[in-house]
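The values are calculated or read from the model by the stated rules, or taken from the named source; none is laboratory data. Source: prediction; values computed, not measured. FYI the Cβ positions are ideal-geometry reconstructions off the backbone, even for glycines, and counts take in every protein chain you see.
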Protein chains: 2
Amino acid sequence: MKTAVVIGTGLVGTSVALALSRHGVLVLLEDRDQDAVRTAASLGAGTLLAPEGAGQPADLAVLAVPPAHVASALAEAQRRGLARCYTDVCSVKGGPVADAVARGLDTASYIGGHPLAGREKSGPLAARADLFEGRPWVLTPTADTGREALNRALELVSLCGSVPVVMDPAEHDRAVALISHAPHLVSALMAARLEYATEDAARIAGQGVRDVTRIAAGDPELWLEILSANAGAVADVLEEYAGDLGAVIADLRAIADKGAALAPEAGTGLVGQLRRGNSGVARIPGKHGAPRAAYAAVPVVIGDAPGELARLFAAAGAAGVNIEDLTIEHSPGQQVGLVTLYVDPDAAPGLSERLAERGWTVQA
Amino acid sequence: MKTAVVIGTGLVGTSVALALSRHGVLVLLEDRDQDAVRTAASLGAGTLLAPEGAGQPADLAVLAVPPAHVASALAEAQRRGLARCYTDVCSVKGGPVADAVARGLDTASYIGGHPLAGREKSGPLAARADLFEGRPWVLTPTADTGREALNRALELVSLCGSVPVVMDPAEHDRAVALISHAPHLVSALMAARLEYATEDAARIAGQGVRDVTRIAAGDPELWLEILSANAGAVADVLEEYAGDLGAVIADLRAIADKGAALAPEAGTGLVGQLRRGNSGVARIPGKHGAPRAAYAAVPVVIGDAPGELARLFAAAGAAGVNIEDLTIEHSPGQQVGLVTLYVDPDAAPGLSERLAERGWTVQA
């Protein structure tokens, strides 16, 4: 890839442009917002595209615009002959390609894309050339998609340091509804109920509720846009969730009001959902695709001083043990915390011993 | 406190006994399961209580039995005159004290308690003297509770290294329903839906869904017991949650089927819940009671080798910066990850600079 056009210089568009420019690709930028495009150019993301176009079509044009504007941006770019191939980077894939077909656009030169990366901040100033490094980047070719468009998009993904994952557009939309959009709302609704928490209830909150509600801190306007573009698929997941929830509530009421006792081996309702929860967690890959269940937990008590974590990790490193994951648990009003290290099960006993030898309080 | 009796030598009872023994308290142990009580004694948790009792009443008896058995254990212990004061350590507080009153027991010498600590494992072998260190320990005195019982319980909490939090029994039950029991089910139900995730959907799962579903990996039988003992309060929270969920689904359907567009400033339904989610998250304290929003995020790209985290934390320590919290994000199939450090906002720019100087890829 020698030349590229990036239409839309927000967070994602500017980050793509920075990554391509860093690899020596000549990038031309355009945005309706002149401030945004000038900011992106000043960051080294590329140079401004002239209104009359680039003269020669670029190797690839990246349409970094919201889902509802992808098809119109594609129509406009194809009319101007901006590039030989086109892709987009928005979070929903079925709508844009259906719009493009409905408008009779050239869909051989177009392939949908969705890099699974983002930040809390937005706009070109928040952009980073390494935003996509190591993240999955879904590509959604259809029967119409030409080989050149697929390969240009794969090159883009590679230049951005991402891992390409090929999916059908509708399959992608169902997948993100299930693994991103529905979890966001499930979390937001739980967090919303915490508005009613008493001060004492908030004091005794532990790591569990913090984890469940972390993503509920996301920007409401951004999420409204994301959820609106995939509303049907998200509603499908949440309706099934609501059905399961109703069965659980009915079981709880039966226990509370009639003193019913549920057999731990029951397959449905409350007990069934607790069990299915176990299986569902196991389906989500942990670090590097390995199941999380494969790690052993080593809980260590640490003090609250600069360098305490460094000392702990240095001790783990000295023991030759790689830390796969970790959590920090906080103590209300005390200068002490609990760090749980997740490591290879074979390495856990040795690590616990070595840490204890060095004076750490290991709870495992 | 010079003498204590611990009835029930599972994980929590044995951990309490270990903590008291370590502080020189003479602890007498009892459990229906002779293997469990012998194991606890062999770990140094105390000595076996003779069937005829201790002769002299102990300063405090800790009833470490399930919620449904607290009142009968209290009746039995008082009949035998085992101690001058009594407390329990189970996860629900309204039921046991109501049972005790209904049985006409002496409630002046009894105070309910709930240490908010636990492990994935159970039984005396999983016990640790430091299990409760730095954790909140709720005490639920009623109008009947005598001063001596309150002070003995406070001494117990202090000897276990915990932070006492005094609450009304019903208030406690509503609080744990909201901040522990309902979030567990919300998480389990989301995880249960992931059973239907395609392999590709699981591959593109990010840190968000992992956080939301982490606690769903908990033991279903243990959670069935916990939820059954607080079923009414949990059902109350979940019914309100289900109502909010229904409104969100209706909004999503209106968008999907009728192309409705929601104003970002709307106060109810989808938009309202996203906004309330923000406020709810802010109510949960971060580390040491400080709001999490007070920290600045410093995202750093790291390689997957032993010692990488140690090098990173050593660099942070050398910069004199205390890491308040952190998350690790995983990359599918790549030997690289993203660690986000949460630090004092004043310290963040300096830390980013120092890390960049030392060759780290800092994304903030």
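A quick yes/no check of all residues on (1) buried (at least 16 other Cβ atoms within 10 Å of the Cβ); (2) at pLDDT below 95:
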| residue | (1), (2) |
| --- | --- |
| B:LYS2 | no, no |
| B:LEU18 | yes, no |
| B:THR47 | no, no |
| B:ALA50 | no, yes |
| B:ALA73 | yes, no |
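Residue pairs whose Cβ atoms lie under 9 Å apart, sitting 6 or more positions apart in sequence or on different chains, and linking a residue in the range B:318-347 that is in the same structural domain as B:GLY208 (by TED's automatic domain parsing) to a partner that is modelled with pLDDT of 80 or more, do not occur here.
With among the acidic types (Asp, Glu), in contact with an Asp or Glu (Cβ under 9 Å, 6 or more places away or on another chain) and either assigned by TED's automatic domain parsing to the domain that holds B:LEU63 or not in a loop (DSSP other than H, G, I, E, B) (or both) as the only criterion, which of B:GLU133, B:GLU155 stands out?
B:GLU155
Tell me, yes or no, whether the range A:169-182 has at least one residue that is more than 7 Å from chain B (Cβ to nearest Cβ), part of a loop (DSSP other than H, G, I, E, B) and within 18 Å of A:ILE111 (Cα to Cα). Checking the range A:169-182: not a single residue is more than 7 Å from chain B (Cβ to nearest Cβ), part of a loop (DSSP other than H, G, I, E, B) and within 18 Å of A:ILE111 (Cα to Cα). Of all residues in the range A:160-200, those being over 29 Å from A:ALA235 (Cα atoms) and in contact with a helix residue (DSSP H, G or I) (Cβ under 6 Å, 6 or more places away or on another chain) number 1. Across the range B:211-268, the qualifying residues are those that are more than 7 Å from every other protein chain (Cβ to nearest Cβ) and among the β-branched types (Val, Ile, Thr), and the one among them that is farthest from A:ARG283 (Cα to Cα) is B:THR268.
Does any residue of the range A:102-120 turn out to be surrounded by 23 or more Cβ atoms within 10 Å (Cβ to Cβ), out of contact with any helix residue (DSSP H, G or I) (no Cβ under 9 Å at 6 or more places or on another chain) and farther than 19 Å from B:ARG203 by Cα? Taking every residue of the range A:102-120 in turn, none turns out to be surrounded by 23 or more Cβ atoms within 10 Å (Cβ to Cβ), out of contact with any helix residue (DSSP H, G or I) (no Cβ under 9 Å at 6 or more places or on another chain) and farther than 19 Å from B:ARG203 by Cα. Residues of the range A:89-112 being within 23 Å of A:ASP59 (Cα to Cα) and not in a loop (DSSP other than H, G, I, E, B), which ones? Selection gives A:PRO96, A:VAL97, A:ALA100, A:VAL101, A:TYR110, A:ILE111, A:GLY112. Among the candidates A:ALA188, A:ALA205, the residue that is crowded, with 24+ Cβ neighbours inside 10 Å, part of a helix (DSSP H, G or I) and within 7 Å of another protein chain (Cβ to nearest Cβ) is uniquely A:ALA188. Selection of the range A:133-156 for residues being under 20 Å from A:ALA58 (Cβ atoms) and buried (at least 22 other Cβ atoms within 10 Å of the Cβ) yields A:TRP137, A:LEU139, A:ALA149, A:ARG152, A:ALA153, A:LEU156. If you go through the range B:206-259 and pick out every residue that is of a type in the set (Gly, Ala, Ser), at pLDDT 90 or above and over 23 Å from A:LEU194 (Cα atoms), you end up with 2. Does at least one position in the range B:177-184 carry a residue that is surrounded by 20 or more Cβ atoms within 10 Å (Cβ to Cβ) and of a type in the set (Val, Ile, Thr)? For the range B:177-184, residues surrounded by 20 or more Cβ atoms within 10 Å (Cβ to Cβ) and of a type in the set (Val, Ile, Thr): present. May I ask you to list the residues in the range A:274-314 that are part of a helix (DSSP H, G or I), modelled with pLDDT of 65 or more and either outside the structural domain of A:LEU338 (by TED's automatic domain parsing) or closer than 29 Å to A:LEU262 by Cβ (or both)? Answer for the range A:274-314, where residues must be part of a helix (DSSP H, G or I), modelled with pLDDT of 65 or more and either outside the structural domain of A:LEU338 (by TED's automatic domain parsing) or closer than 29 Å to A:LEU262 by Cβ (or both): A:LEU274, A:ARG275, A:ARG276, A:GLY277, A:ASN278, A:SER279, A:GLY280, A:VAL281, A:ALA282, A:ARG283. The set of residues from the range B:348-364 being assigned to a helix (DSSP H, G or I), within 16 Å of B:LEU326 (Cα to Cα) and not hydroxyl-bearing (Ser, Thr, Tyr) comprises B:ALA348, B:LEU351, B:LEU355.
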